[in-house]
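Asker: Supplied in structure tokens, the structure appears directly below.
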Amino acid sequence: MANSRGADIVRPLAGLALLPVLLHAQAGPPFLTNDPGTPGNANWEINIGEVPTIARGNRSYQSPQLDLNFGVGERIQLTYELPYVLQDIRGGERDSGWGNGYAGVKWRFLDQGEGGLQVSAFPQVELGGGSDPRAAGIAVPGPRYLVPVEATRRIGPLDVGIEVGYFIPGKGPRERIMGLAVGRPVDERLELDAEIYDDNAFGTAQHATTFDIGGRYKLSHSCIALFMMGRSITGFADGRPELLGYLGVQILLSDYGRSLNRNAD
């Protein structure tokens, strides 16, 4: 339901959830592509992840990446995402601080039921970072506005999802994102997925296409383990290889968060 975008330090690689009542949704955390799923009325979906990004001479970690989602009715989701970023540059000291936050509203305006076509819009605003994180290269000024559309459909045994969106700059470059995620359940607890994601910041050298694999494992009705590992296919303009991953947990709460979600089957 929510997105995996955190600080700009990860977004050049990728930039960008799971229906709590279903295990076999194919996009959203731990992946970069979002899907039309929402938590359901008065329910919370909380994703807490460790997100490493590794390149030659540069390592960064979103530790944690916080992704909070609240359902308003059955088709609307309120989202806020914020990463705490640790950055290591070869020959330099470690910098750390809060990256850029994202606030958004998702609306699933077409819903043909499980296995049918579902489509949503998910406008978001990227908020400006603080002065110290901006000086360290962990955050950038804001705001910028992201306007994406997500769609999913069952095709044979596979769940297929796509997302296409554009950043409208208040500050910063124009940027286009595109994602394709395909997955299927292995059993009642385990789901495996693969994803291709492309992020292009127009007028800059920041253009990367990534391929990753990962999945979700249901630990209980209200707790799901999230995991993903990927690599840049194109890298940056100078050809540096890039690796990224996600390891975290999804917590599902119902009835305004007063109880664990017992409907996660």
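The values are calculated or read from the model by the stated rules, or taken from the named source; none is laboratory data. For clarity, every value in this text was computed on a predicted model and none was experimentally measured. Here Cβ is always computed from backbone atoms with ideal geometry, including for glycine, and neighbour counts include all displayed protein chains.
Asker: Do you know which residues across segment 172-216 are hydroxyl-bearing (Ser, Thr, Tyr) and closer than 18 Å to Leu32 by Cα?
Answerer: If the condition is that a residue be hydroxyl-bearing (Ser, Thr, Tyr) and closer than 18 Å to Leu32 by Cα, then Tyr197, Thr209, Thr210 are the ones that fit.
Asker: For Met228, are the conditions met, namely being at pLDDT 80 or above and under 24 Å from Val119 (Cα atoms)?
Answerer: no
Asker: Say whether the condition of being over 30 Å from Gly137 (Cβ atoms), in a strand (DSSP E or B) and not aromatic (Phe, Trp, Tyr) is met by at least one residue in segment 195-214.
Answerer: Within segment 195-214, not a single residue is over 30 Å from Gly137 (Cβ atoms), in a strand (DSSP E or B) and not aromatic (Phe, Trp, Tyr).
Asker: Output the residue which, of all residues in segment 83-96 that are surrounded by fewer than 21 Cβ atoms within 10 Å (Cβ to Cβ) and within 20 Å of the chain's Cα centre (by Cα), is farthest from Leu253 (Cα to Cα).
Answerer: Per the criteria, the residue is Leu86.
Quick grid of which residues meet (1) crowded, with 17+ Cβ neighbours inside 10 Å; (2) modelled with pLDDT of 95 or more:
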residue	(1), (2)
Met178	yes, yes
Asp193	yes, yes
Thr204	no, no
Cys223	no, yes
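Asker: Taking the options Leu68, Leu117, name whichever one is over 17 Å from the mean Cα position of the chain (by Cα) and either buried (at least 18 other Cβ atoms within 10 Å of the Cβ) or under 21 Å from Leu32 (Cα atoms) (or both).
Answerer: Leu117
Asker: Quick check on my filter: what residues within segment 120-157 are within 21 Å of Leu82 (Cα to Cα) and surrounded by 21 or more Cβ atoms within 10 Å (Cβ to Cβ)?
Answerer: Listed by number, the residues that qualify are Phe122, Gln124, Glu126, Gly129, Pro133, Ile138, Ala139, Arg144, Leu146, Pro148.
Asker: Answer with yes or no whether Leu260 is over 22 Å from Leu146 (Cβ atoms), hydrophobic (A, V, I, L, M, F, W, C) and at pLDDT 95 or above.
Answerer: In short, no.
Asker: Sort out which residues of segment 86-114 are more than 18 Å from Pro39 (Cα to Cα) and charged (D, E, K, R), and write them in order of number.
Answerer: Passing the criteria: Asp88, Arg90, Glu93, Arg94, Asp95.
Asker: What pairs come out if I take residues in segment 55-74 that are more than 14 Å from Trp98 (Cα to Cα) and assigned to a strand (DSSP E or B) and pair them with residues that are at pLDDT below 90 and among the small types (Gly, Ala, Ser) whose C-beta lies under 9 Å away, six or more apart or interchain?
Answerer: Listed by first residue and then by second, the contacts come to Ala55/Ser232; Ala55/Gly235; Leu68/Ala2; Asn69/Ala2; Asn69/Ala17; Phe70/Gly257.
Asker: Please work out which residue is nearest to Leu253 (Cα to Cα), limiting yourself to segment 50-82 and to residues that are touching a Leu at 6+ places or on another chain (Cβ under 9 Å), aliphatic (A, V, I, L, M) and modelled with pLDDT of 85 or more.
Answerer: Leu68
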